Every structure is written in C-alpha cells, then in structure tokens.
Amino acid sequence: MSARIDPLSPPYPPAIQAAFDAIMPPGVPPLLLFRTLSREPRLMERLRGGSLLDKGNLTLRQREIVVDRMTARCGGKYEWSVHVAFFAKRAGLDEAMIYSLARGGSHDACWSEVDGLLIDLCDSLYDEDDIGDDLWRRASGLFTPEALMEIVMLAGAYRTISCLVKTMRLSREPFAPDFPE
C-alpha cells in the first residue's frame, strides 16, 4: 500500500527545514507525516500548534499511555509505531505494556491502578466520545481537573491524527516497530 499523497523530498525550503530542525532530534530525518503535511505549511503549523507533547499536567508515561492506546484503538498504526519508537522506553513501557496498549486492556497484569484508569478513559472516549459519571468520579479521585481536561484533549488530538495517517495511507517509518497483529 502506498501513500495517497507524496511527501516533500529534500532539499526543503529554508522555512520548512527550520521547522523540521526544531521538532526532530539531531540527525533524525523528518517523519513521513511531517514531510507530507509540509506540502501545505499552514497545515503543518496547525499540527505543531496543537501539540500536547510539552510538559503539561500529565507525566510522560501517562501521556504516552493515552497516545498509544488511542492511536491503537483508532487504527493509527503509523502514529502508534512512531510513539512507541520514540517514547515507550523513556516512559517506562515494557514489551508487555506495549502489547497490552495495542491488543489488551486495563485489567492486564502489567498495569497499575492509575495506568489502567487511563486505558479505561481512552476506551470510553473511543467507544462513547464521552466519559460516564462513574468513571469520571474514579478519575477525579486520581487526576486534577486540569489533567482530566488534558487527557480528553490529548485523546481527541490523537484520534484526529490517527484518522489522518490512516486516510493518507502512511507506511511505517523504517525505525519503528510493527503494530502487533
């Protein structure tokens, strides 16, 4: 399966190269998603402007559980694999956890109460576009109101990104792991 829209190829215009340099680690080429969106710099800028990958109300681990679970549930295999490659180890996610985020559930033995609750929140947002009152009460006992808003926004943002990468038929980056089938 090939991508529906061809990405930009180097050499990149100076402004686009500067944007890539700002978001990619040194020596790592820009991601296929970024090269594709940069065909229309306004779209790339909007994606970057809406990013929630900064230090916010969630830990790196919490953020990555939300991103990985939501992209897995949405079928955003490209984005799931990029996040697993770049962040899973730093977030303390082991192989069992990575598999569980793709194919398991909140009650798998690898999860703490808080981790499992994040998975339940993502599943509820995916299944219902809402969080029921009982689940909200449980979450309110463990997360601040600000963190809860961030969880909902993060899940929604990665639902959108999952739709984008699926629709554009982006293939896995060479360094990224396969999605567990």
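List of remarks:
- For the range 1-88, the alpha carbon convex hull comes to 120 Å³ per residue, rounded to a whole number.
- Using a simple spin-label model with pseudo-atoms 7 Å out from Cα toward Cβ, Ile5 and Leu43 lie 0.1 nm apart.
- CD proxy at 222 nm, helix term only [per DSSP H run n ≥ 4: -39500 (n - 2.57); per residue of the chain; nearest 500]: -17500 deg cm²/dmol
- Cβ-defined net charge surrounding Pro29, 12 Å radius [Lys, Arg +1; Asp, Glu -1]: -1
- The string of couplings for the range 147-160 from the Karplus curve (6.51, -1.76, 1.60, θ = phi - 60°) is 5, 5, 4, 5, 4, 5, 5, 4, 4, x, 4, 7, 5, 5 Hz, one whole number per residue in order, with x for Gly and Pro.
- Each of Glu95 and Trp136 was given a label point 7 Å from its Cα along the Cα-to-Cβ line. The distance between the two points is 4.1 nm.
Every read-out reported here was derived from the displayed coordinates using simple, explicitly stated rules and does not represent laboratory data. Since the structure is predicted, the reported quantities are computational estimates derived from the model, not experimental observations. Here the Cβ is made from the backbone with ideal geometry for all residues, glycine too, and neighbour counts use every protein chain on show.
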